[in-house]
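The structure under discussion appears below in the form of structure tokens.
The values are calculated or read from the model by the stated rules, or taken from the named source; none is laboratory data. These numbers come from a predicted model, not from an experiment. All Cβ positions, glycine included, derive from the backbone under ideal geometry; neighbour counts span all protein chains shown.
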Amino acid sequence: MTNTSAGNTGRLLRAGLRALLVLTAVCGVLYPMAVTGVAQLAFPAQANGSQLKDGSGRTVGSSLIGQTYPADGKPDPRWFRPRPSHGLGANSVNTRYELILSGATNRSGDNAELIQWVEEAKATVIRDDSVPGHPVRPSDVPPDAVTSSGSGLDPHISPAYAELQVHRVAARNHLTVAQVAGLVADHTEDRILGFIGEPRVNVLRLNIALRELVASTAASG
């Protein structure tokens, strides 16, 4: 009886070890390699993080993640600004954006802290985006200029918020309003399939195009 029990135990252990090795090879090696290979062949840009490069070929960020521009994360009035980035956690790693954890604040509309954030953000937009001859009124400020997205990482802003920044960006870069407004129009994406979501502007793509426009204007001048 003892020998039989020991033999059964040994067979079960060997069967379990074989199953572990086979599943490890299939699920931990072959399947990831197959998925990675297909992704690299069919969708190489997306598989590598949807990275965006500037005119010099330098990677400056991802088209999927909200971030300030340029990469040092310091506020610079020459560039278009993304949405606010309040969320689940502070960020000490990626200084291009405040968040390191994706998620919403989950605060109600009458939450005192949320109201304070919105009021402070609106005051900042009115102050920073007003230029001589073109003041920004409180009613001009769209919701996405003062609130973060559900994930806190949205790379897009509304065309209304982009257009609100046109006069400041033009003045700071010594460009005409028409030149900057044209950039915004060129980088405004339509609804997905024509009916899903809302028109949007990818802030990083827009800022890359703006930098190229500033450089070409300076070179031609």
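Screening the candidates ASP128, ASP154, ASP140, ASP144 for the property of being touching a strand residue (DSSP E or B) at 6+ places or on another chain (Cβ under 6 Å) and not hydrophobic (A, V, I, L, M, F, W, C) yields one hit, ASP144.
Listed here are the residues, each with its yes/no results for (1) over 16 Å from the mean Cα position of the chain (by Cα); (2) at pLDDT 75 or above; (3) part of a loop (DSSP other than H, G, I, E, B); (4) farther than 29 Å from ASN48 by Cβ.
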| site | (1), (2), (3), (4) |
| --- | --- |
| GLY61 | no, yes, no, no |
| GLY66 | no, yes, yes, no |
| GLY73 | no, no, yes, no |
| VAL93 | no, no, yes, no |
| ARG107 | yes, yes, yes, yes |
| GLU113 | yes, yes, no, yes |
| GLN116 | yes, yes, no, yes |
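Modelled with pLDDT of 90 or more, farther than 30 Å from ASN202 by Cβ and part of a helix (DSSP H, G or I): does that describe VAL22? For VAL22, the condition - modelled with pLDDT of 90 or more, farther than 30 Å from ASN202 by Cβ and part of a helix (DSSP H, G or I) - is met.
Residue under question is ARG11, and the condition is that it be without any contact (Cβ under 8 Å) to a residue 24 or more places away in the chain and assigned by TED's automatic domain parsing to the domain that holds HIS156; does it hold? Here the answer is no, as ARG11 does not meet what is asked.
So which residues in the range 25-52 are part of a loop (DSSP other than H, G, I, E, B) and out of contact with any strand residue (DSSP E or B) (no Cβ under 8 Å at 6 or more places or on another chain)? Explain how you work it out, then say what you get.
Filtering the range 25-52 down to residues part of a loop (DSSP other than H, G, I, E, B) leaves 43, 48-50.
Of everything in the range 25-52, those that are part of a loop (DSSP other than H, G, I, E, B) and out of contact with any strand residue (DSSP E or B) (no Cβ under 8 Å at 6 or more places or on another chain) turn out to be PHE43, ASN48.
The residues of the range 171-221 that are touching a strand residue (DSSP E or B) at 6+ places or on another chain (Cβ under 8 Å) and within 21 Å of ASP76 (Cα to Cα), listed by number, are ALA171, VAL184, HIS187, VAL201, ASN202, VAL203, LEU204, ARG205, ILE208. Give the range 154-169 a look and list any residue that's surrounded by fewer than 22 Cβ atoms within 10 Å (Cβ to Cβ) and assigned to a loop (DSSP other than H, G, I, E, B), or say none. ASP154, SER158 - these are the residues of the range 154-169 that are surrounded by fewer than 22 Cβ atoms within 10 Å (Cβ to Cβ) and assigned to a loop (DSSP other than H, G, I, E, B). Every condition in (1) surrounded by 13 or more Cβ atoms within 10 Å (Cβ to Cβ); (2) modelled with pLDDT under 95 holds for VAL180 except the one numbered (2). Would you say GLU212 is more than 18 Å from LEU64 (Cβ to Cβ) and either aromatic (Phe, Trp, Tyr) or surrounded by 13 or more Cβ atoms within 10 Å (Cβ to Cβ) (or both)? When the stated conditions are applied, GLU212 passes them. If you go through the range 34-55 one residue at a time, do you hit one that is exposed (fewer than 13 other Cβ atoms within 10 Å of the Cβ) and modelled with pLDDT under 80? Within the range 34-55 (the criterion being exposed (fewer than 13 other Cβ atoms within 10 Å of the Cβ) and modelled with pLDDT under 80), the answer is yes, since at least one residue qualifies. With the requirement that a residue be of a type in the set (A, V, I, L, M, F, W, C) and touching a helix residue (DSSP H, G or I) at 6+ places or on another chain (Cβ under 7 Å), what does the range 122-139 give you? Scanning the range 122-139 gives VAL125, ILE126, VAL131, VAL136.
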